[in-house]
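Notes to accompany the following structure.
What follows is calculated from the coordinates using simple rules that are stated; it is not laboratory data. Note that this is a predicted model, so its numbers are computed, not measured. Ideal geometry is used to build each Cβ from the backbone, glycine not excepted, and the neighbour counts take in all protein chains shown.
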Amino acid sequence: MPDLTDLVGAARSDTVYIESWWEALRLLGFLSSGQARVVFLVDLQGWTIDQSAAFLGLHRGTVSRLRDRGIKRLLGEVRKKS
């Protein structure tokens with residue numbers, strides 16, 4: 001049987017993970033739909049620029065540009081909060 005402290009630690013870890021996902025999804029709301037899709041695929045799902053471009057039917061340069069602009073916008077929003 002697992003130790004109680006192990007169960008509590010696992011529950012805290014799950015809670016932090018879920019809260020992090022909710023915050024990431026909330027922040028995507030500050031982006032255009034194109035930026036949000038690219039940031040989600042590349043930065044949250046771990047896809048490459050090329051994989052994302054193929055999936056979205058966009059040129060890799062467009063995907064890279066959308067991601068760069070999206071990340072800059074997110075950084076600006078996060079800095080406003082701090």
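Counting only residues that are of a type in the set (G, A, S) and surrounded by 10 or more Cβ atoms within 10 Å (Cβ to Cβ), which one in segment 18-29 is farthest from L66 (Cα to Cα)? Give the derivation first.
Of segment 18-29, the ones of a type in the set (G, A, S) are 20, 24, 29.
Cutting the leftovers down to surrounded by 10 or more Cβ atoms within 10 Å (Cβ to Cβ) gives us 20, 24.
On the way: S20: 23, A24: 17 Å.
Here the residue is S20.
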Top-ranked residue in segment 30-65 [being of a type in the set (D, E, K, R) and surrounded by 14 or more Cβ atoms within 10 Å (Cβ to Cβ); ranked as farthest from the chain's Cα centre (by Cα)]: R60
Search result, residues across segment 47-65 that are assigned to a helix (DSSP H, G or I) and not hydroxyl-bearing (S, T, Y): I49, D50, Q51, A53, A54, F55, L56, R60, G61, V63, R65
